[in-house]
Amino acid sequence: MRRAQVYRWQIPMDAGVVLRERRLKTRDGLYLCLGDGSREGWGEISPLPGFSHETRDDAESALLAWVDSWLECSDALPTMPSVAFGISCAQAELAGTLPEAADYRTAPLCTGDPDELVLQLAKMSGEKVAKVKVGLYEAVRDGMVVNLLLEAVPDLQLRLDANRAWTPQKAQQFAKYVHPDRRGRIAFLEEPCRTRADSLAFARDTGIAIAWDESLREDDFAFVAEAGVKAVVIKPMLTGALEKVRHQVQAAHALGLTAAISSSIESSLGLTQLARIAAWLTPQTIPGLDTLNLMQVQQVRRWPGSTLPCLDIAALEPLR
């Protein structure tokens, strides 16, 4: 006998979290819990402000309509990426097709003082991979910070994310302050410029490898081999159903590209599912999931090692 429960939730964020020039004070989303007999499956639906086309209200309406259809034994997924992804995760858990094994390794995210990241990396064993958001400040400052980190930690591989913030001129200013001998340890720079053509030109001119992120979600994007492109960064909450995520990973691997599963600032429940997806689809690549520390609490499922308090189901708002 099928059953379904939808919950609404809101998590306070730490001060200072800025997405595309807007401060994110809370992370808002929905959970779906599906049941059939003794089996149960959960999924998170949390559109990311400034990145998702749908709002939480849009997602809520689509999710509740889908639940009504599913209870009548219709399984067609909605088209909204966040809703399709959350539902497909719940269905996969319900069916037992989402593997339990998880990759809880993280690439530490530098959101402020680079000295703190250096200290954090000094405590890490094994492969040292970290991520730095660039494009929030002056390009020259970003270049100096990146160069400092690469100089301070000789075995560091840096992932950078510019979110298309730079003009070609700004991107060149950044590159000017990164020593040419250290540019090879930039694992990739996500979408440095506002157009794909400018980003490809930047990679060609500087020798700094780039990765596609936002481009994956554009209608005219195709998986083709391009000089200077080393990786794709896949954010499942923005991509859609698990099957589409799997298809993108396979298409990237077929071209010899790195595919990295990355967070859209999900709750702890969503992050633990992303860790499972990463272990399943990209087992050789450290995922980009170091965003839980931007929140003040965990919910329903704990991230291993996190000291944040964890709220249980009773703290959620049931919608049906």
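In the set Ala187, Ala254, Ala165, Ala259, only one residue is over 27 Å from Trp9 (Cβ atoms) and in contact (Cβ under 8 Å) with a residue 60 or more places away in the chain; that residue is Ala187. Put simply, of Ala314, Ala225 the only residue that is surrounded by fewer than 22 Cβ atoms within 10 Å (Cβ to Cβ) and over 27 Å from Glu60 (Cα atoms) is Ala225. Within region 253-266, the set of residues being out of contact with any strand residue (DSSP E or B) (no Cβ under 8 Å at 6 or more places or on another chain) and open to solvent by 10 Å² or more (accessible area, probe 1.4 Å) comprises Ala254, Leu255, Gly256.
Residue by residue, here is whether (1) farther than 21 Å from Asp161 by Cα; (2) surrounded by fewer than 24 Cβ atoms within 10 Å (Cβ to Cβ); (3) at pLDDT 95 or above holds:
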| site | (1), (2), (3) |
| --- | --- |
| Val232 | no, no, yes |
| Thr239 | no, yes, yes |
| Glu243 | yes, yes, yes |
| Arg246 | yes, yes, yes |
| Ala251 | yes, yes, yes |
| Ser268 | yes, yes, yes |
| Leu274 | no, no, yes |
| Ala278 | no, no, yes |
| Leu281 | yes, yes, yes |
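Does region 168-184 contain any residue that is closer than 30 Å to Gly86 by Cα and either assigned to a loop (DSSP other than H, G, I, E, B) or touching a Leu at 6+ places or on another chain (Cβ under 9 Å) (or both)? There is no residue in region 168-184 that is closer than 30 Å to Gly86 by Cα and either assigned to a loop (DSSP other than H, G, I, E, B) or touching a Leu at 6+ places or on another chain (Cβ under 9 Å) (or both). Every condition in (1) under 30 Å from Arg56 (Cα atoms); (2) in contact with a strand residue (DSSP E or B) (Cβ under 9 Å, 6 or more places away or on another chain) is met by Ile186 except one, and the failing one is (1). The set of residues in region 1-41 that are among the acidic types (Asp, Glu) and without any contact (Cβ under 8 Å) to a residue 24 or more places away in the chain contains only Glu21.
Of everything listed in (1) within 21 Å of the chain's Cα centre (by Cα); (2) closer than 17 Å to Ala139 by Cβ, the single unmet condition for Thr239 is (2).
All conditions in (1) farther than 19 Å from Ser263 by Cβ; (2) assigned to a helix (DSSP H, G or I) hold for Thr97, with the sole exception of (2).
Checking Ala107, Ala152, Ala122, Ala90 one by one, the residue that is modelled with pLDDT of 90 or more and either hydrophobic (A, V, I, L, M, F, W, C) or under 17 Å from His179 (Cα atoms) (or both) is Ala90 and no other. Pull up region 92-138, narrow it to residues that are over 21 Å from the mean Cα position of the chain (by Cα) and in contact (Cβ under 8 Å) with a residue 40 or more places away in the chain, then point me to the one that is surrounded by the fewest Cβ atoms within 10 Å (Cβ to Cβ). Result: Gly96. When Arg164 is tested against the conditions (1) assigned to a loop (DSSP other than H, G, I, E, B); (2) on the phi < 0 side of the Ramachandran plot, the lone failure is (2). I'd like to know if region 93-102 contains one or more residues that are among the hydroxyl-bearing types (Ser, Thr, Tyr), within 22 Å of Thr291 (Cβ to Cβ) and at pLDDT 95 or above. No: zero hits. Screening the candidates Ala211, Ala171 for the property of being more than 22 Å from Ala107 (Cα to Cα), buried (at least 17 other Cβ atoms within 10 Å of the Cβ) and at pLDDT 95 or above yields one hit, Ala171. Of the residues Thr106, Thr55, the single one that is farther than 22 Å from Leu281 by Cα and of a type in the set (S, T, N, Q) is Thr55. On the stretch given as region 55-87, residues that are in contact with a Pro (Cβ under 9 Å, 6 or more places away or on another chain) and open to solvent by 20 Å² or more (accessible area, probe 1.4 Å) total 7.
The values are calculated or read from the model by the stated rules, or taken from the named source; none is laboratory data. Fair warning: this is a prediction, and the values are worked out from it, not measured in the lab. As a convention, Cβ positions derive from the backbone with ideal geometry for all residues, glycine included, and neighbour counts pool all protein chains shown. Areas reflect the complete protein model, heavy atoms only, side chains present, ligands, DNA and RNA absent. Shrake-Rupley method; radii C 1.70, N 1.55, O 1.52, S 1.80 Å.
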